[in-house]
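Notes follow once the structure below has been shown.
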Amino acid sequence: MDLTFRIIWFEDVDEWYNTLSRRVSKYIRDKNFKVEIMRIDKASNFNLKEHQLQNFDLLMVDYELEKIYEDEQNNEKRIYGTEIIRMIRESNFVNDVLFYSSHGFEVINGVMKQEGLQGVFIADRQNDEFLEKVKLLVDKAIRRANNLINIRGVVMDTTSDFDNKIRDLISIIWPILGDKEQKIANDIKKKILKDNVKTAEKLDERYTNINVTNIDTLLNERDFSAIRQARLLSWCIESNVELKKKLQENFKKYLQLNNGLEQGKFYDLYNDDIIKYRNALAHVKNAPSIDSKVIIGEVDGQPIQFDQELCDQLRKKLINYESVLNDMYEYIESNY
């Protein structure tokens, strides 16, 4: 599981689906996940081979999804939710399945026994009972995903995408720097390239003049690390009044940052919220235990405890910064 909770939902009643899907989606978003629901309203249109089922975290099936349909030869066929479940189970789908019906728990339980389906949860179609069962299964899937290996992978993969977004942002901002280009180019040489003794001389000689013709090449240098790229992006944004204003609007919208006259800078916030935690997770090997607490490293000299709260905080920060970066890119593309 990554930052997105994915559901396949077999349901053919539009009004009921629209109402319940909104409530399900809100519950999952409140758990600091994005939500993707693939709705199948006609089981006869579902082709198992077209989908990577293992990428989905939950499958929900209405027993009376589609009683009768016509096949390619115009012959009438019958299909029930039990057939969908059996077909998907035979494809080695290992995550949870919720099977529901308006006939009530006893009837659906009897169908399950009669069909011999194993490892499937059941619920009445009645709204509140159905929703409570979905919440239980969502919580179960999240608990299963909140392990150190998975969260470390999520952070590494997502921040790798952030690195690409940050480079792209610098690339599209650079041509509009105008008379600020030379100052930022000088700051790169003085404050970034020369702060690493091992690489300073090599990069300094290679990039005697930094401008629009070679900025992309510099950004792709192995020694021009993610933290350096974030620092450069911050300078680029700070150099433009409109971009700086837009960034503050995004901080308020996505990070709930509203500190009056004090303006948050991208580098400072991104370093504290993202980079420091990525570095801690990147270097963790065997997580030490202190008083039965799993410690994965330190941030600003303080030990980081790996627990449910940290997982929630990391997912929330990753989703929020993804929104900040995407919004900035869309704004610049649309206005410059």
query: So, in Å, what gap is there between the alpha-carbon centers of the stretch 84-115 and the stretch 200-262?
result: 52 Å
query: Ranked from the most accessible area to the least, with a 1.4 Å probe and all protein chains present, what is the order of 6, 144?
result: 144, 6
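Express the accessible area of the chain per residue in Å², computed with a 1.4 Å probe while the remaining protein chains stay in the model. Walk me through the numbers on the way to the answer.
Details: 18130 Å² over 336 residues.
In whole numbers, the chain has 54 Å² accessible per residue.
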field: Computed lengthening from residue 139 to residue 189, 0.36 nm per intervening residue step minus Cα-Cα distance
entry: 13.1 nm
message: For the chain, what does the helix formula give at 222 nm: sum of -39500 (n - 2.57) over DSSP H segments with n ≥ 4, over the residue count, nearest 500 deg cm²/dmol?
response: -16500 deg cm²/dmol
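Classify the stretch 117-167 as rounded, prolate or oblate, taking a ≥ b ≥ c as the square roots of the eigenvalues of its Cα gyration tensor: rounded when a/c is under 1.5, otherwise prolate if a/b is larger than b/c and oblate if not. It would help to have the intermediate numbers written out before the result.
On the way: a/c = 4.00, a/b = 2.49, b/c = 1.60.
Since a/c reaches 1.5 and a/b is larger than b/c, the shape of the stretch 117-167 is classed as prolate.
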field: Added length on full extension, which subtracts the Cα-Cα distance from 0.36 nm per residue, residue 220 to residue 114
entry: 32.1 nm
task: Indicate the helices, whole DSSP H runs only, in the chain that combine a mean Kyte-Doolittle hydropathy of -0.5 or more with a Cα extent along their long axis of 30 angstrom or more.
output: 148-173
- prompt: Can you list the lysines whose alpha carbon is less than 16 Å from that of residue 42, not counting same-chain residues fewer than 8 positions off?
  reply: 67, 77
task: Enumerate the aspartates and glutamates that residue 183 could reach by cross-link, defined here as Cα to Cα under 13 Å, with residues fewer than 8 away along the same chain left out.
output: 238
- request: Output the antiparallel fraction of DSSP beta bridges having both residues in the chain, as a percent to the nearest 5.
  value: 35 percent
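For the chain, calculate the relative contact order in percent as a whole number, restricting contacts to Cα pairs under 8 Å that are 6 or more residues apart. Walk me through the numbers on the way to the answer.
Working: 367 pairs, mean separation 49.3, N = 336.
Here the relative contact order equals 15 percent.
Roughly speaking, to the nearest percent, how much of the chain's 1.4 Å accessible area is carbon and sulfur?
Values: 8030 of 18130 Å².
Percent of accessible area from carbon and sulfur atoms in the chain: 44.
Kindly provide the trypsin sites (Lys or Arg not before Pro) of the stretch 168-246 that DSSP labels as loop, not H, G, I, E or B, and whose Cβ sees at most 15 other Cβ atoms within 10 Å.
When the trypsin sites (Lys or Arg not before Pro) of the stretch 168-246 are filtered for loop state and at most 15 Cβ neighbours within 10 Å, 222 remain.
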Among (i) -0.25, -1.23; (ii) -0.33, -1.11; (iii) -0.19, -1.07, the entry that matches log10 I(q)/I(0) by the Debye sum over Cα atoms at q = 0.06, 0.14 Å⁻¹ as calculated here: (ii)
- request: With springs connecting C-alpha atoms under 10 Å apart, model the chain as a Gaussian network and identify which of 209, 146, 47 has the largest mean-square fluctuation.
  value: 47
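The values are calculated or read from the model by the stated rules, or taken from the named source; none is laboratory data. Since the structure is predicted, the reported quantities are computational estimates derived from the model, not experimental observations. For neighbour counting, all protein chains shown are included, and Cβ atoms are generated from backbone atoms with ideal geometry for every residue, glycine included. Side chains are part of the model used for accessible areas, which takes the heavy atoms of the whole protein and leaves out ligands, DNA and RNA. Shrake-Rupley method; radii C 1.70, N 1.55, O 1.52, S 1.80 Å.
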